[in-house]
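The values are calculated or read from the model by the stated rules, or taken from the named source; none is laboratory data. Keep in mind that this is a model prediction, so the values were computed, not measured. FYI the Cβ positions are ideal-geometry reconstructions off the backbone, even for glycines, and counts take in every protein chain you see. Just so you know, the surface numbers come from the protein's heavy atoms only, side chains and all, with ligands and any DNA or RNA stripped out. Shrake-Rupley method; radii C 1.70, N 1.55, O 1.52, S 1.80 Å.
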Amino acid sequence: MTDAQRRVDAFERQYGSTLLALACHAALPVVLSPDLLHVLRVNYFLDPPDTLSYADEARLLLSPLCGEVDQGLYVIDPEVRDVLLVRLLHTNGSERIRDLAQLLWEFGKRGIPWPDRPGLVEAQRLTALSFIDPAQAWEWLDRAEAGAGSSEQADQRWSIAMRHDLEARTTAVADAEAEIAAAATAVDPPETPAVDVLIITALKEEFDAVRRAAPEIDWQEYDRHESQPYLYGQYSTPIGRILSIALARPVRAGVISVGSLAARLARRLRPGHLVRCGVCSGNPSQVALGDVVVADMVQEYDEGMNSRSGFEGDSIVYGLDPVLATAALDLNTAHLASYGAATEREATIWFLERLLAGQEPRDLPARERYFPRGTWQPRLAQIEEDGLIEWRGGRWALTQSGTQFVERSRYDDIDGPTRLPFAVRVAPMVSRVAVRADRRTWEQLRWVGSLRAAAIDLDAATIAAVALQHDLPWLVVKGVIDYADGSKDDHYSSFAARASAEVAFAVIAAGTRIVRKSASGRLSGKAKLEFAQRLGDSWNELADFLGVPRHAKARFPQGDEARELWEWLEVRNRLRELPAVLDEIGREDLSVLLRQRD
């Protein structure tokens with residue numbers, strides 16, 4: 001945002017939108033006087049709903065937007081004039097600017113408002129003419145420049161200044177007109193097809209990481225002029241399954257913004273799954289920096305009551321759908337782009353970093369990934385021989401050279417890691433309104449029964465709650481960037497965001513049992529009736545194959561499960577999937593029926 005835009009916005013906050021509208025009209029003249037501003041007000045702001053009083057004229061002239069250059073003469077800075085004129089164009093259109101220019105021209109013809117300032121009168125007329133008849137305005141200016149002799153330097157300076165001023169004003173308006181015309185003729189993408197997976201991110205880094213994790217997706221922007229724009233594309237899984245993906249992030253990060261965005265898009269797009277991927281803080285006893293946590297259950301840490309005896313937690317625990325949990329547990333990270341086996345140098349740096357952080361590398365979960373079986377003793381011997389560590393007090397400790405080496409290595413690695421031997425941990429995740437940098441964090445989790453929590457974040461529980469409200473399976477995947485102990489330095493942020501996105505796509509591909517077909521999804525009431533009558537006990541297998549959550553199946557009335565399953569799919573715009581899935585479970589009799597009815 002430019003300084004001129006900030007000044008205009010500040011003016012609107014202080015004086016209101018109607019007086020700002022008068023300021024937009026007053027931006028066309030080169031200079032303002034009380035009588036000219038009065039003419040503008042009575043011509044455009046005399047009748048409701050945009051009514052201004054005589055006193056408002058004085059308020060504008062004495063406001064920070066205007067500066068007095070002489071007695072009774074005021075100017076608005078050129079950059080601010082551009083912002084105001086563009087706003088006038090967006091609000092009232094090109095016709096209003098031409099009408100305003102005509103009024104300014106007529107005002108100058110009624111008499112000479114400033115008889116002792118002929119150059120100022122000419123400037124006003126020339127400005128008006130530049131919007132009424134631009135070609136004639138430039139001819140007038142050319143003649144003025146050609147007629148100015150070498151002794152008339154004041155006239156030359158006036159001509160040069162006017163040319164610069166006119167070019168700036170007309171260019172600003174012309175550019176804005178071009179943008180408006182382009183927006184008016186631009187063809188928005190067609191109505192969004194059904195969305196299989198809605199992915200929510202909070203930070204731009206997380207948003208960009210999702211896009212990089214699936215470079216084959218041809219993302220299209222939807223609802224770019226609305227309050228919740230999002231990207232849409234189709235993702236082809238390794239087995240050839242096509243999933244439609246919507247991706248969005250709020251304007252501002254935070255649990256309220258993320259939850260609100262997820263709820264509104266879930267209601268509008270009716271996705272099959274709700275996914276949140278990004279970054280989090282990890283439990284150092286369970287995960288390493290750069291590892292990815294897939295939440296198998298989430299809860300809100302701060303929900304409960306403060307009593308005299310202390311805080312009493314009373315939060316809801318949300319469980320991950322078993323199909324998705326299984327997909328995460330079976331995931332092989334070695335096939336992901338961000339995974340890479342540690343080199344001997346990387347293992348050395350990891351070991352030294354852990355010592356610098358006051359940790360015992362031997363006890364950490366990532367040790368075997370950096371020191372495969374049989375490499376622990378020989379590698380440590382080499383590190384000791386290099387003078388980086390020494391045996392002290394029954395454990396390894398950094399030497400001065402080791403401290404300098406690891407600090408320099410971290411300083412030089414400004415971009416952070418691109419590949420790591422990271423692991424995926426399927427474990428509980430706790431959400432807090434604010435993740436506190438406190439070394440006691442993980443001990444405090446014992447008090448609310450979250451001893452097994454592998455990660456803390458801001459919004460996992462909110463995402464799960466939104467998913468429950470909309471009867472959707474949820475998935476929260478987050479990369480570990482710190483240990484919530486005050487040592488965060490963003491070194492792992494980029495990697496963690498990218499790795500979490502790759503894991504999310506891998507789990508989605510394996511855990512969403514969706515087969516997309518090109519059928520319209522519009523099936524007759526008779527097809528629904530025959531389907532409900534003939535499906536029988538196959539409804540349970542069909543529901544599992546379609547990924548219907550257990551809590552949703554539990555609400556199906558006994559004896560009427562087939563009808564309820566149909567309606568569950570119908571509200572999610574997923575009826576088109578039925579024929580192919582019925583083939584998969586051996587109910588070709590019903591798939592043929594539905595294809596005939598389509």
Selection status of G313, under 30 Å from L388 (Cα atoms) and either in contact with a strand residue (DSSP E or B) (Cβ under 8 Å, 6 or more places away or on another chain) or modelled with pLDDT of 90 or more (or both): no
Search result, residues across the range 320-349 that are under 33 Å from the mean Cα position of the chain (by Cα), outside any loop (DSSP other than H, G, I, E, B) and closer than 21 Å to S409 by Cβ: none
Selection count, the range 362-379, where residues are part of a helix (DSSP H, G or I), in contact (Cβ under 8 Å) with a residue 24 or more places away in the chain and touching a strand residue (DSSP E or B) at 6+ places or on another chain (Cβ under 9 Å): 1
Enumeration of residues in the range 97-128 that are farther than 18 Å from R41 by Cα, among the basic types (K, R) and at pLDDT 70 or above: R125
Filter result (free of Cβ contacts under 8 Å to residues at least 60 places away in the same chain and open to solvent by less than 60 Å² (accessible area, probe 1.4 Å)) within the range 336-349: A347, T348
Which listed residue is β-branched (V, I, T) and free of Cβ contacts under 8 Å to residues at least 24 places away in the same chain, from V42, V30: V42
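Could you grab me the full set of residues in the range 216-256 that are assigned to a loop (DSSP other than H, G, I, E, B) and within 16 Å of T201 (Cβ to Cβ)? Can you show your working first?
The first filter runs over the range 216-256 and keeps only residues assigned to a loop (DSSP other than H, G, I, E, B), leaving 216-219, 223-229, 237-241, 249-254.
Passing the criteria: I217, W219, Q228, P229, R249, P250, V251, R252, A253, G254.
Out of the helices (runs of 4 or more DSSP H) lying entirely within the range 1-84, which hold 1 or more residues that are surrounded by fewer than 20 Cβ atoms within 10 Å (Cβ to Cβ), hydroxyl-bearing (S, T, Y) and touching a Leu at 6+ places or on another chain (Cβ under 7 Å)? Let's see the steps before the verdict.
Values: elements: 3-15, 17-26, 34-44, 54-61.
The helices (runs of 4 or more DSSP H) meeting that bar are 17-26.
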